[in-house]
Each structure stands twice: as C-alpha cells, then as structure tokens.
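**Q** Could you have a look at this structure, given as structure tokens, before my questions?
The values are calculated or read from the model by the stated rules, or taken from the named source; none is laboratory data. Because the structure is a prediction, the values reported are computed rather than measured. Quick reminder, even Gly has a Cβ in these numbers, built from the backbone with ideal geometry, and neighbours come from all protein chains shown.
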C-alpha cells in the first residue's frame, strides 16, 4: 500500500522525507529527565481539537509567489524550524524549488500560480523569518558531499559551542543520502551529520559525521537521526528512524539517542538507547515500531508499544515529531497502513525511551486537491500554552510516474509547500 515515503519518491526529485501567524511563540524543546513511566505529572495525552492555520500557510504562499528574486524559495518539503537567539526563525527545507512563479492561469488554463518545468531545484535551503515575515533564502546552504550524494537538513538546535561554554552556535542535523535504484529512488540512507553555523550571521563553519551507516548491509535497517530533537537541561534527545517503509513495510521503527548540551557535533558524546539503558556504541534498539511483526506487543530487541485499537497499525512514518506537554511526551506521525497518506496520529510516553502508548485516534490533514499526499508532520511553535501547538505537514502529488508528478507540482505551486494546523492536546 502507499505510504509517506511513496509520496516523496513519486516526484522524481528525491523530494525530502511528511501540520494566526504566532510571533511570540517559543519552540517546545524540553523533556524531563529520567526514563521511568509515571514520573511527575505524566498522563495520557491526545489531540482533542484542531483547525487550519491559514495565517502561517498563507505567509509561505505569499513569499513563494513573490518573484522579486529568482534565487528565492518557491516551494520545498522536509519542513523544520528553529528559533534563533535574536528572535528570528530559521526554516529548513530539503529539496527546494527556486526560480520564478507566474500568476494564473497556468498553461493548462487552470487557476493556479505556476512555475516553469525548467525551474532550478537545490537539495536544501534555509529561509529566514523576522517579525512574522519570511525575508530571505539561503539556497544550497549545505553542499553535496559528491555528485551522487546530497544532504537534507532536519532538526536544528541553538546550543553552547561546547558543553558549559558561553558562546552559542547553531547546530543542524543532516541526513546524507546516496543515489540508488528502486526502491531507493529517493536515495540510500548513508549517514547522520551535524553542521555548525555561527550566530548571528549563519556562516557555515563545518560538518562532521556522527553516525556512518554504510557498514549496515541492508539499507532498510540503516538509522538516520534528527527527524526531531527535544532538550532537557543538560541533555538533548535526538530521535531517528530506519527506512523500512521504502520497502513497502507498513511502518518504520523509531529510535532515540541523547547528547550533552553543546555536544551535538562531537560523535564521541552520543549515547544510544539499547533497550535497557544508554551506551556510547551504536547498538541501538527501537523504542517504537510496527506491532504487526511482534504479535501486537512490542518492537524487536526490547522497546515496547502499549497498543490501543488496531495492533496492525502501529509504528512511525519516515519522519515524525516529538514534543513535551507537561511531563508527557507526545509523538506525531503519519498513520501506518492505508491512512498513511492522509491522517496524522499520535503516541504518548513518560520518557523518550518509552514505553509509547498508542496510536491515538487520527485526524485528517486538510489537502488542497484530490490525488495529493501528506507527510512529515512537524511541531514548530507553542501557541500560548493550554496544550495548543502548531504542526506543519508537507504535501505532494501522488502519481505512478515521476514525470507527471513534477509537472503537477510545477503547474500548481501550492502542491509542494508546507501547510499548518493548530492543535490542542488534552487527556486521552
């Protein structure tokens, strides 16, 4: 059945891995310490209501349609964000279209803004927002390691240059992928890297590899970290996933590592959850996976899933997001199985290593047209407390042929831009 990885690869461009403009918002990055269930005020949490965030969705449409410059962002996926110390928000994207956007009608006579099929595309970009307005683009901020490899930026954190240091830098986690054959049309997972950028000028200082996966023979079992990251005092918890969905599995497995604050760029500082504790060597075990292969109970090697509802619909999509609500961690992902192209579901836990409970009842991501898929749900901004969050999701044309998919997102530019919803969390 189709999944969110399918939505990415059908564009033929390796389009990155899958929801009121709020200017006073802060990033939700805290996690409580410890790995025990029932600590503090941890309690079941789920989405109790949601609504489309037209303000933030509209701001990306405004900026993308403004053709004052031809090297600006006009569309992209893999949406992540980080708030900088001076109040600006840096939005990070994977595969990105540049060039000019034309007013409707398009060449087909349809009432959509459109771009030429020859519009340039780069493998990553960063877009700066200040005072609620998108202002400028850094195209191809992270150079390709080789002609057959590229870097997709994922989670980012402002942290001390080294543990305990006063100077702050921006660290951006990168997924390195290598061109491959089907089913790896969107690239074979290769390594997790970390880039260091200076502040406030966002100058790239260097890139280091923190986890090389080339020695793992089966690409479906390679784990890339950085789909989401959450801070807790002296630790940053970094979540990742394998690529099982690329081989038509119903879902992927989720993993977690932890790094001392200021140590994201130091490979020796990383510790991985091994099923019972943290260890420096990368013998990680899943913390959340597909129950279908485990009799509805857990994940291979030690992680557990307390399943609610259909035990065959657990696991995560190719990208997911984790936040803290009180002492409860909430994980958002595209639903497993046939709903994985339209519906967002959630899990909850009392620690980053689980056990994770769910999936909860899903909600449908609003889509702009028939034949369009949603993927990569990511939490960005807290909206004044009360359990309200802003969640983005990427949209893309789902088609059997890559050529047709590229043509579709070119003749309707809204099909390759993030959309946003505001959520409220409450008791499950």
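**Q** Show the residue pairs that are 6+ apart or on different chains and have beta-carbon atoms under 8 Å apart, the first residue being within region 163-177 and on the phi > 0 side of the Ramachandran plot and surrounded by fewer than 16 Cβ atoms within 10 Å (Cβ to Cβ), the second being modelled with pLDDT of 95 or more and not in a strand (DSSP E or B).
**A** What qualifies is 164/262.
**Q** Return the total of residues in region 102-120 being crowded, with 17+ Cβ neighbours inside 10 Å and within 29 Å of residue 156 (Cα to Cα).
**A** Residues in region 102-120 being crowded, with 17+ Cβ neighbours inside 10 Å and within 29 Å of residue 156 (Cα to Cα): 1 in total.
**Q** Closer than 26 Å to residue 261 by Cβ and not in a strand (DSSP E or B): is that true of residue 173 in this structure? So that I can check it myself, show each step before the final result.
**A** Values: closer than 26 Å to residue 261 by Cβ: yes; not in a strand (DSSP E or B): no.
Taking the combined requirement at face value, the residue does not satisfy it.
**Q** List the number of the failed condition for residue 278; all other conditions in (1) at pLDDT 95 or above; (2) surrounded by fewer than 23 Cβ atoms within 10 Å (Cβ to Cβ); (3) closer than 16 Å to residue 155 by Cβ hold.
**A** Answer for residue 278: the failing condition is (3).
**Q** Right, another one. If you go through region 318-340 one residue at a time, how many are touching a helix residue (DSSP H, G or I) at 6+ places or on another chain (Cβ under 8 Å) and buried (at least 24 other Cβ atoms within 10 Å of the Cβ)? Steps first, answer last, please.
**A** The first filter runs over region 318-340 and keeps only residues touching a helix residue (DSSP H, G or I) at 6+ places or on another chain (Cβ under 8 Å), leaving 318-319, 334-337, 339-340.
Right, trim to buried (at least 24 other Cβ atoms within 10 Å of the Cβ) and you get 318-319, 334-336, 340.
Matching residues across region 318-340 total 6.
**Q** Separate question: What single numbered condition from (1) in contact with a strand residue (DSSP E or B) (Cβ under 6 Å, 6 or more places away or on another chain); (2) closer than 19 Å to residue 76 by Cβ fails to hold for residue 185?
**A** So the condition that residue 185 fails would be (1).
**Q** I'd like the residue in region 85-98 that is surrounded by fewer than 19 Cβ atoms within 10 Å (Cβ to Cβ) and touching a strand residue (DSSP E or B) at 6+ places or on another chain (Cβ under 8 Å) and, out of all such residues, is nearest to residue 395 (Cα to Cα). Don't jump to the end; show me each part of the working.
**A** Narrowing region 85-98 to residues surrounded by fewer than 19 Cβ atoms within 10 Å (Cβ to Cβ): 85-88.
Those left that are additionally touching a strand residue (DSSP E or B) at 6+ places or on another chain (Cβ under 8 Å): 85, 87-88.
On the way: 85: 30, 87: 28, 88: 25 Å.
The residue in question is 88.
**Q** Hey, another quick one. For region 243-268, name all the residues that are surrounded by 24 or more Cβ atoms within 10 Å (Cβ to Cβ), out of contact with any helix residue (DSSP H, G or I) (no Cβ under 6 Å at 6 or more places or on another chain) and assigned to a loop (DSSP other than H, G, I, E, B).
**A** Correct list: 251, 253, 264.
**Q** Given the conditions (1) touching a strand residue (DSSP E or B) at 6+ places or on another chain (Cβ under 7 Å); (2) surrounded by fewer than 19 Cβ atoms within 10 Å (Cβ to Cβ); (3) part of a loop (DSSP other than H, G, I, E, B); (4) modelled with pLDDT of 95 or more, and given that residue 73 satisfies all but one, which numbered condition is not satisfied?
**A** Among (1) touching a strand residue (DSSP E or B) at 6+ places or on another chain (Cβ under 7 Å); (2) surrounded by fewer than 19 Cβ atoms within 10 Å (Cβ to Cβ); (3) part of a loop (DSSP other than H, G, I, E, B); (4) modelled with pLDDT of 95 or more, the lone unmet condition for residue 73 is (2).
**Q** Among the residues of region 152-170, write down those that are outside any strand (DSSP E or B) and touching a strand residue (DSSP E or B) at 6+ places or on another chain (Cβ under 8 Å). Please lay out each step first, then the result.
**A** Looking only at region 152-170, we keep the residues that are outside any strand (DSSP E or B), and these are 161-167.
Across region 152-170, the qualifying residues are 161, 163, 166, 167.
Rundown of residues vs (1) within 23 Å of residue 231 (Cβ to Cβ); (2) modelled with pLDDT of 95 or more, yes/no style:
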residue	(1), (2)
120	no, no
138	no, yes
158	yes, yes
174	yes, yes
209	yes, yes
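**Q** Another question about this same structure. Give 216, 238, 188 a once-over and let me know the one that is over 18 Å from the mean Cα position of the chain (by Cα) and over 23 Å from residue 128 (Cα atoms). If you could, list the steps in order and put the result at the bottom.
**A** Working: 238 fails: over 18 Å from the mean Cα position of the chain (by Cα); 188 fails: over 18 Å from the mean Cα position of the chain (by Cα).
When all the criteria are applied, what remains is 216.
**Q** In addition: For region 342-401, give me every one of the strands (runs of 3 or more DSSP E) that falls completely inside it and has 3 or more residues that are touching a helix residue (DSSP H, G or I) at 6+ places or on another chain (Cβ under 9 Å) and at pLDDT 90 or above.
**A** The strands (runs of 3 or more DSSP E) meeting that bar are 372-382, 388-397.
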